[in-house]
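The values are calculated or read from the model by the stated rules, or taken from the named source; none is laboratory data. Fair warning: this is a prediction, and the values are worked out from it, not measured in the lab. Heads up, the Cβs are rebuilt from the backbone with ideal geometry, glycines too, and the neighbour counts pull from every protein chain shown.
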Amino acid sequence: MKISYTSEPSSMMEILMEAIKREQESYDYYYRAALQAAKPATRKLLLNLADWEKGHIEELTNHVMELKAQMEIDRAMTGGL
């Protein structure tokens, strides 16, 4: 898998959103590979990897929600400045 960096993210939110995107791509890759696997052991391994990626997506999504909540608190405290 080739990763190219065209520009640096400018905020924590951008970093988290990019990470979620990449985890979703990894999940999709492992899941599709599992559907095509001929051997049950290979299928099981690939589904476990996909499940790990799903866990990463959930964790990153929680960080996004926490960041949004903190941004709202900051906005309320500063009067939207």
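Assorted remarks:
- Residue in region 15-32 that is among the hydrophobic types (A, V, I, L, M, F, W, C), outside any helix (DSSP H, G or I) and modelled with pLDDT of 90 or more present: no
- Any chance ARG43 is assigned to a helix (DSSP H, G or I), modelled with pLDDT of 95 or more and closer than 19 Å to SER11 by Cβ: no
This table checks each residue for (1) touching a helix residue (DSSP H, G or I) at 6+ places or on another chain (Cβ under 9 Å); (2) of a type outside the set (Lys, Arg).
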position	(1), (2)
ALA37	yes, yes
LYS44	yes, no
ASP51	yes, yes
ASN62	no, yes
MET65	no, yes
GLU72	no, yes
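Yes/no per residue for (1) over 18 Å from SER11 (Cα atoms); (2) of a type outside the set (Asp, Glu); (3) loosely packed, with under 15 Cβ neighbours inside 10 Å:
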residue: GLN36; (1), (2), (3): yes, yes, yes
residue: LEU47; (1), (2), (3): yes, yes, no
residue: TRP52; (1), (2), (3): yes, yes, yes
residue: HIS63; (1), (2), (3): no, yes, no
residue: ALA69; (1), (2), (3): no, yes, yes
residue: ASP74; (1), (2), (3): no, no, yes
residue: GLY79; (1), (2), (3): yes, yes, yes
